[in-house]
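Colleague: Once you've had a glance at the structure underneath, I'll fire off some questions.
The values are calculated or read from the model by the stated rules, or taken from the named source; none is laboratory data. What you see is a predicted model; the values in this text were computed from it and never measured. All Cβ positions, glycine included, derive from the backbone under ideal geometry; neighbour counts span all protein chains shown.
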């Protein structure tokens with residue numbers, strides 16, 4: 001009996017700790033992308049991109065997927081998130097991230113690519129957060 005009560009209490013505690021805040025949902029969507037990049041899975045990394053996605057230099061969704069495919073075929077990339085700040089207003093979110101990227105050998109990528117800052121704009125569509133835009137800072 002005590003074991004059952006303890007199990008139920010633990011389950012309720014874990015459910016109470018689970019966050020459904022929009023900010024946490026955006027962070028989770030971003031982390032899914034990071035995990036896919038580190039696994040070398042370009043399709044999964046590009047999955048949350050909206051059909052109207054725009055990236056640096058006017059890159060669209062198809063261009064972003066091809067870029068990731070080319071990069072991840074020749075290089076194993078590690079991503080360390082240094083800063084991850086999210087602001088949500090209604091069904092839109094703005095995320096500012098600072099990243100440190102590492103290459104296959106475990107060393108830093110070339111100096112100009114090692115530390116990067118980005119602004120990401122997200123929109124909630126249905127139950128999912130879709131990435132609309134990435135701007136390099």
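Colleague: Looking at this structure, is residue 87 under 21 Å from residue 22 (Cα atoms) and outside any strand (DSSP E or B)?
Modeller: no
Per-residue answers, yes or no, for (1) buried (at least 16 other Cβ atoms within 10 Å of the Cβ); (2) at pLDDT 95 or above:
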{"position": "33", "(1), (2)": "yes, yes"}
{"position": "49", "(1), (2)": "yes, yes"}
{"position": "53", "(1), (2)": "yes, yes"}
{"position": "68", "(1), (2)": "yes, no"}
{"position": "71", "(1), (2)": "no, no"}
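Colleague: Let me ask another. How many residues are within 14 Å of the chain's Cα centre (by Cα) and in contact (Cβ under 8 Å) with a residue 60 or more places away in the chain if we restrict to the stretch 113-134?
Modeller: 10
Colleague: Take the residues in the stretch 73-84 that are assigned to a loop (DSSP other than H, G, I, E, B) and within 17 Å of residue 32 (Cα to Cα), then tell me which one is modelled with the highest pLDDT.
Modeller: Initially, the stretch 73-84 is screened for residues assigned to a loop (DSSP other than H, G, I, E, B), giving 75-77.
Those still in the list that are within 17 Å of residue 32 (Cα to Cα) too: 76-77.
On the way: 76: 87, 77: 90.
In this case the residue turns out to be 77.
Colleague: Consider the stretch 34-51. How many of its residues are within 17 Å of residue 73 (Cα to Cα) and in contact with a strand residue (DSSP E or B) (Cβ under 8 Å, 6 or more places away or on another chain)?
Modeller: Restricting attention to the stretch 34-51, the residues satisfying the condition of being within 17 Å of residue 73 (Cα to Cα) are 34-46.
Still in the list and also in contact with a strand residue (DSSP E or B) (Cβ under 8 Å, 6 or more places away or on another chain): 34, 37-38.
Residues meeting the conditions: 3.
Colleague: Okay, next question. What number of residues within the stretch 38-62 are touching a helix residue (DSSP H, G or I) at 6+ places or on another chain (Cβ under 6 Å) and in contact (Cβ under 8 Å) with a residue 60 or more places away in the chain?
Modeller: 4
Colleague: Right, something else. Out of (1) more than 15 Å from residue 82 (Cβ to Cβ); (2) touching a helix residue (DSSP H, G or I) at 6+ places or on another chain (Cβ under 9 Å); (3) at pLDDT 80 or above, what's the single condition that is false for residue 95?
Modeller: With (1) more than 15 Å from residue 82 (Cβ to Cβ); (2) touching a helix residue (DSSP H, G or I) at 6+ places or on another chain (Cβ under 9 Å); (3) at pLDDT 80 or above applied to residue 95, the lone miss is (1).
Colleague: Could you tell me whether residue 123 is assigned to a strand (DSSP E or B), exposed (fewer than 12 other Cβ atoms within 10 Å of the Cβ) and modelled with pLDDT of 95 or more?
Modeller: The answer is no for residue 123.
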